Amino acid sequence: MVFVDGARGEPDSMSSRAAEGQSARRRSVAALLCWGLSLCLLTALPLWANEELDFGLETHRLARIDLTGNTTFGDGDLKDVLRIQERTWSRPLNVPRYSPYLIQTQLDLIRNYYRARGFHQVAVELDSISTVPEQGDVLHISIQEGPRTIIRSVDFTPNDVFTDQELRADLTLLEGEPAPMSLNAFGGDMYTLRAMFRNATYLDARITVSMDIEPRAAAHAAADADAEADADAETADGGFLADVHYSIAAGKPYFVRDISLLGNTGAKDRFLYRELEIGEGDPLRWNKVQTSRRQLLGTGLFRDVEIVPVAIDSAAGQADLEVRVIERKPAHYELGVGVGSLERIRLLVAWGHNNLWGSGRRLEVKGRGSWNVEDVVGNSLSFTQGQVNYRADVTYVNPHLRDSRFSLDVDLYLKRETRGESALNQSVHGLNVGSTWRASRHVTNSAYVGVKISDPSVHPYAPDSLKARFDELDVGLAQTRSLNYSIYIDKRDDLFRPTRGRYATGTLKLAGGLMGGDYSFVKGSAALQRYQGTPLGGVLAMRFMVGAAAPFGKSGGLGPDGVPYDDRFFAGGGSSVRGYRHNSLGPQVSDPDELDALNYGSDVLLPDNPARGGNFLMLSNVEWRFPLPVLRRWNFGGAFFFEGGNVWERLEDIRLRGFRLDSNPGDPKDPGSTKVWDYRYSCGVGMRLETPFGPVRADMGIPLKRARYVGLDKVETDPELVWHFSLGYPF
């Protein structure tokens, strides 16, 4: 059985479901293998990486490359340098070819690799070419590494601005490191030194580098043995020692004489000056100039910003700064249409102005509506039975309240959303008033006071039993007043398509208490996301998230139910744990009479019982995102993922046994069957299409810990495969 996100199996008997469970698992694994094999075949097809080597010349089939004489670096490291690539396990169908006319270029690549790592006298030769029938040519390459050159000392002359320790702090080529043959390899360290001087107001600093090399034997005769102990360890084979000399001419420190603004016709001068980290008469530190440029671009008012020193007086150490801006149109309109697996049709309409009265204040009016076709506690609905969801916002932002670094943020909103997992339609309106400020370039803080009024209603297509239970509860309007704080630490290389870095968030919410309202509780969450490259290419994305909520005061007597429904945690679906239905994991609002009649404990899941949500949350996700070589020209990529998560009603419900890797959708009384407290794992594959608006993704998730829902007159099992369609990355 295959289901789109939100689908659930049909009722069946216990005996037939037991037999179907094993076959379903086999079909799930087969589907995953077929999908994964398809992606592997795509990645395995020829990459045409060698086409640039052909140039219309004759090419030969390559069987392998044999390297001899390399003792310092392994075959794999050296072969990675070459543009000619052998067949590998990751590209089993690739037929590698090479051009004999360009073999010398490949030898030069190996030679330069060695020279950059201290082997200045390395010799790399092609000894011979042999042929293996039906496989191709074998290139026999010999390497004579020769002695290695190690950096013995690094000095700076003259040096009257920084200490040697400060200058060395961020350099990479220091004592004990291999000395590269070319001085161009010191370019990165020289850039670092120049940046240090420019940030210290020395804009005219000139730095050159030179290197003296002598044999180790001569060094022994002229220097103290103890001082060279570290170098000797690296050059015991008769190598060389290098002394690196940086010659520094710092020049004069500079100060800002005058600042002029060019190009701002809509934004007032006062607004631009407020974003600058540097003023007239200040030391001209270049890092503050760069920060000022980033802050001006961050306002969203300018397409381009350039800050240029002019009228430079090198004798007096003074310069003027010209701030040149190209403005955007302050008013903007937005109209969007989209589709999704739950929100079948989405519409977005927005109008905004980013520069009210030329002060940088922003006003935006946004409306979003969708036709939501979502299962109601597992019961599928037709397209015509969908519900209208919407959200309307009016947002006002003053980025610098009374010329401070604190903003004033006001958001008035009205929304209605379908919560099919709980058979509810939730109508909410509220007001948030707060502030956002930056503690540093990478750290943003936010604090606000919120008031919201919730009006839940039962879904019109909910089972009659749930409608009756909802009417008995007589649920009405509920008001929540809260104080909220969030911190964001963003060190990603790209906000929308990160490939490196990390992103951490923390939130804290205090509701009720002295602020009043119908609920008193505290809620917090923390998440860490990390992105890094892999030896196979692509990006490895990881996320770990935890959360907790606890009632107190007048809500403490309600137990876990003291936290209102729309402030609880939910898991399952395309952005949390794929392979499971949207928000379906965790405890249910179970009927005690049905549990008693079945002689089940509270950890057993029942069919047609709405999801309760949890007061505790844990999520863990790992996803490998990689380009598809054949389809990358059309911006297609693939993904493999493994993830887990759940929500729990009470802290004591989190059991070590719940993190077991395997459980089955068997008899609920069987200890090996999946329980409500089980940490639910899944795996799967996906495909992405990169667009200017972000990736469009389709994911196929396979649940690894499916559950069986056994009632008095109904038996259901989690689907063995769930499709998720959405925009944007899951994290």
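With +1 on the Cβ of every Lys and Arg and -1 on the Cβ of every Asp and Glu, and nothing else charged, how large is the dipole of the chain about its Cα centre, in debye rounded to the nearest 20?
For this selection, approximately 2080 debye.
In terms of Cα to Cα distance under 23 Å, which lysines are near enough to Lys705, apart from those fewer than 8 places away along the same chain?
Hits, sequence-local ones excluded: Lys669, Lys675, Lys714.
Going by C-beta contacts inside 10 Å, put Arg328, Arg362 in order with the fewest on the left.
Fewest-to-most Cβ neighbours within 10 Å comes out as Arg328, Arg362.
Using only Cα atoms and rounding to the nearest 10 degrees, what angle (0 to 90) does helix 286-298 make with the longest principal axis of the chain?
For 286-298 against the chain, the angle is about 30 degrees.
Please name which of Ala185, Leu617, Ser590 has its Cα lying farthest along the dipole of the chain towards the positive end, using unit charges on Cβ (Lys, Arg +1; Asp, Glu -1) and the Cα centre as origin.
Sorting the options by dipole projection puts first Ser590.
Give me the lysines in straight-line cross-link reach of Lys252: C-alpha distance below 29 Å, same-chain residues under 8 apart excluded.
Lys288
Could you point to the residue in Met545, Val244, Gly118 farthest towards the positive end of the chain's charge dipole, with +1 and -1 charges on the Cβ of Lys/Arg and Asp/Glu respectively?
Of the listed residues, the answer is Met545.
Which loop chymotrypsin sites (Phe, Trp or Tyr not before Pro) in the range 481-589, with loop taken from DSSP, have no more than 11 other Cβ atoms within 10 angstrom of their Cβ?
Within the range 481-589, the qualifying chymotrypsin sites (Phe, Trp or Tyr not before Pro) (loop, at most 11 other Cβ atoms within 10 Å) are Phe496.
Take the Cα atoms of the range 255-327, find their three principal axes, and give me the spread along each one in whole Å, biggest first.
Rounded to whole Å, the extents work out to 38, 21, 18 Å.
Under a straight-distance cross-link criterion of Cα-Cα below 26 Å, which lysines are reachable from Lys554, leaving out those fewer than 8 residues away in the same chain?
Within the straight-line cut-off, Lys554 pairs with Lys452, Lys509, Lys523.
Name the shape class, rounded, prolate or oblate, that the alpha-carbon gyration tensor gives for the range 60-144, where a ≥ b ≥ c are the square roots of its eigenvalues, rounded holds for a/c under 1.5, and otherwise prolate holds if a/b is larger than b/c and oblate otherwise. Please list the in-between numbers first.
Numbers: a/c = 2.04, a/b = 1.65, b/c = 1.24.
Since a/c reaches 1.5 and a/b is larger than b/c, the shape of the range 60-144 is classed as prolate.
Tell me whether the range 235-290 comes out rounded, prolate or oblate; compute the Cα gyration tensor, take square roots of the eigenvalues as a ≥ b ≥ c, and use a/c under 1.5 as the rounded threshold.
prolate
Assign one of three labels to the range 331-728, namely rounded, prolate or oblate, based on the Cα gyration tensor with a ≥ b ≥ c the square roots of its eigenvalues; rounded applies when a/c is under 1.5, prolate when it is not and a/b is larger than b/c, and oblate otherwise.
Because a/c hits 1.5 or more and a/b fails to exceed b/c, the range 331-728 counts as oblate.
Just the Kirkwood number for the range 427-506, please: inverse of mean 1/r across all distinct Cα pairs, in Å, one decimal. Mind dumping the intermediate values first?
Working: mean 1/r = 0.0612 Å⁻¹.
Taking the inverse mean of 1/r over all distinct Cα pairs, the range 427-506 comes out at 16.3 Å.
Could you work out the equivalent-ellipsoid semi-axes for the range 457-599, taking the square root of 5 times each eigenvalue of the Cα gyration tensor, largest first, in whole Å?
Over the Cα atoms of the range 457-599, the semi-axes work out to 36, 23, 13 Å.
Kirkwood Rh over alpha-carbon pairs of the chain, then Stokes-Einstein at 4 °C and 1.567 mPa s: what D in µm² s⁻¹, rounded to an integer?
Numbers: Rh = 31.3 Å.
Answer, rounded: 41 µm²/s.
What does a probe at Thr157 reach in the range 181-211, counting residues whose amide N is under 19 Å from the point 7 Å along Cα→Cβ?
206-211
How big is the antiparallel share of DSSP beta bridges in the chain, given as a percent to the nearest 5? Before the final figure, lay out the partial values.
Values: 197 of 221 bridges.
Percentage antiparallel, nearest 5: 90.
Scan the range 260-360 for chymotrypsin sites (Phe, Trp or Tyr not before Pro) in coil per DSSP, keeping those whose Cβ has at most 16 other Cβ atoms within 10 Å, and list them by number.
Trp357
Per residue of the range 625-633, what does 6.51 cos²θ - 1.76 cosθ + 1.60 with θ = phi - 60° give for ³J(HN,Hα)? Whole Hz please, x for Gly and Pro, Karplus curve as stated.
Rounded to whole hertz, the list is 9, 9, x, 9, x, 6, 9, 5, 5.
Could you give the dipole magnitude of the range 353-480 about its Cα centre, charging the beta-carbon of Lys and Arg +1 and that of Asp and Glu -1, in debye to the nearest 20?
Rounded to the nearest 20 debye, it is 820 debye.
For the chain, what is the mean residue ellipticity at 222 nm derived from helices alone (per DSSP H run of n ≥ 4: -39500 (n - 2.57); sum divided by total residues; nearest 500 deg cm²/dmol)?
-5000 deg cm²/dmol
How large is ³J(HN,Hα) for each residue in the range 101-115, as worked out from phi by the Karplus curve 6.51 cos²θ - 1.76 cosθ + 1.60 (θ = phi - 60°), to whole Hz, x for Gly and Pro?
My calculation for the range 101-115 gives 6, 10, 5, 4, 4, 5, 5, 5, 5, 5, 4, 5, 4, 5, 4 Hz in order.
Can you list residues from other chains, or at least 5 along the same chain, whose modelled amide H is less than 5 Å from the amide H of Asn264?
Val325
Each value in this text was obtained by applying a stated rule to the coordinates, not by laboratory testing. The structure displayed is predicted, hence computed values, not measured ones. Here the Cβ is made from the backbone with ideal geometry for all residues, glycine too, and neighbour counts use every protein chain on show.
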